[in-house]
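Nothing in this text is a laboratory measurement; each read-out follows from the coordinates by a stated rule. The shown structure was predicted, so the numbers you read here are calculated from the model rather than taken from an experiment. Here the Cβ is made from the backbone with ideal geometry for all residues, glycine too, and neighbour counts use every protein chain on show.
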Amino acid sequence: MIGRRRVLEVLGVAVAGFSLRGPGWASNLPPTPRQTAGPFYPMAFPSDVDNDLVLVTGHNSPAKGTVTRVSGRLLDPAGRAIAGARVEIWQCDVNGRYHYVDDDRTDRPIDENFQGYGQTVTDDAGAYRFRTIRPVPYPGRTPHIHFAVSGSGLQRFTTQMYVAGEPLNQRDGVLMGVRDPAGRARLIVPLRPAPEIEANTLAGTFDIVLG
Ligand SMILES: [Fe+2]
């Protein structure tokens, strides 16, 4: 027999869950697949590590490439926001060069106006946002942006975001290493023109669900 106190506890949990998570409170969001950090995480950090990779402090020119706004929410499997977590991204510049790493591909110039790496902290809604460039391919890889998520109580999580419609996606060993097509799909983001935000800008949403 279930006591009155137990009933109230159950009701309390259910009501709290409903108010926090909305009508889908019972939902179990599938986790974002984990992906390798790869060899190009910065070995040293620049002085400018903010969430705008298109502008480097002290430089007069913006990065070359198509400005792209990437934003999303960091969630747990129940759909609850994870606030106060650090989100880092890094990617190659428009010439296919990573920054702050040992890179012997000196046949291609570095775009010194691209920040290459940036970080931010999720807000109370679990939201993050970056202003960067549309990722480009480099030898052996389809376009992608590296992500790392960390914070107190969180195991460091790394993954990669891909661009919908890229023909190289189907031949990318890292992306195709996610065997489950539904899992792969959660890493692939459509980028749409977003003139309402900024001229000649793309925007995409990449929500990250930690398992
Ligand atoms: Fe990479």
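Roughly speaking, what is the stretch gain from Ala199 to Ala83, that is 0.36 nm per residue apart minus the C-alpha to C-alpha distance, in nm to one decimal?
Taking 0.36 nm per residue and subtracting the Cα distance, the gain is 38.7 nm.
Could you tell me how many degrees, from 0 to 90 and to the nearest 10, lie between the Cα long axis of helix 4-21 and the main elongation axis, the longest principal axis, of the Cα atoms of the chain?
30
Would segment 133-211 count as rounded, prolate or oblate if I go by the C-alpha gyration tensor, calling it rounded below 1.5 in a/c and otherwise prolate when a/b exceeds b/c, oblate otherwise?
oblate
Please work out whether segment 82-180 counts as rounded, prolate or oblate from its C-alpha gyration tensor, where a ≥ b ≥ c are the square roots of the eigenvalues and a/c under 1.5 means rounded, while otherwise a/b larger than b/c means prolate and anything else oblate?
In terms of gyration-tensor shape, oblate.
Do you know the relative contact order of the chain, to the nearest whole percent, from alpha carbon pairs under 8 angstrom that are 6+ apart?
Computed value for the chain: 27 percent relative contact order.
Pick out, from Tyr98, Gly84, Ile110, the residue whose Cα sits farthest towards the positive end of the charge dipole of the chain, with +1 on the Cβ of Lys and Arg and -1 on the Cβ of Asp and Glu.
Gly84
How far apart, in nm, are two points set 7 Å out from the Cα along the Cα-to-Cβ line at His59 and at Ser71?
Calculated label separation equals 2.4 nm.
Quick one: check the C-alpha center-to-center distance for segment 41-76 versus segment 134-173, whole angstrom.
Using only Cα atoms, the two centres lie 15 Å from each other.
Cβ under 13 Å from Ala148's Cβ, Ala148 left aside: what net charge do those residues give with Lys, Arg +1 and Asp, Glu -1?
Every neighbour counted, the sum reads +2.
Considering the chain as a Gaussian network with a 10 Å cut-off on Cα pairs, which listed residue, Thr36, Thr120, Thr158, attains the greatest mean-square fluctuation?
For the chain, modelled as a Gaussian network with Cα springs under 10 Å, the answer is Thr36.
If r is the Cβ-Cβ distance from Asp124 to Asn28 and R0 is 22 Å, what FRET efficiency results, to the nearest 0.05?
0.45
What does the charge count around Leu55 come to, taking other residues whose C-beta lies under 9 Å from its C-beta (Lys +1, Arg +1, Asp -1, Glu -1)?
-2
Is the chain rounded, prolate or oblate when judged by the Cα gyration tensor, a ≥ b ≥ c being the square roots of its eigenvalues, rounded requiring a/c under 1.5 and prolate requiring a/b larger than b/c?
Because a/c hits 1.5 or more and a/b exceeds b/c, the chain counts as prolate.
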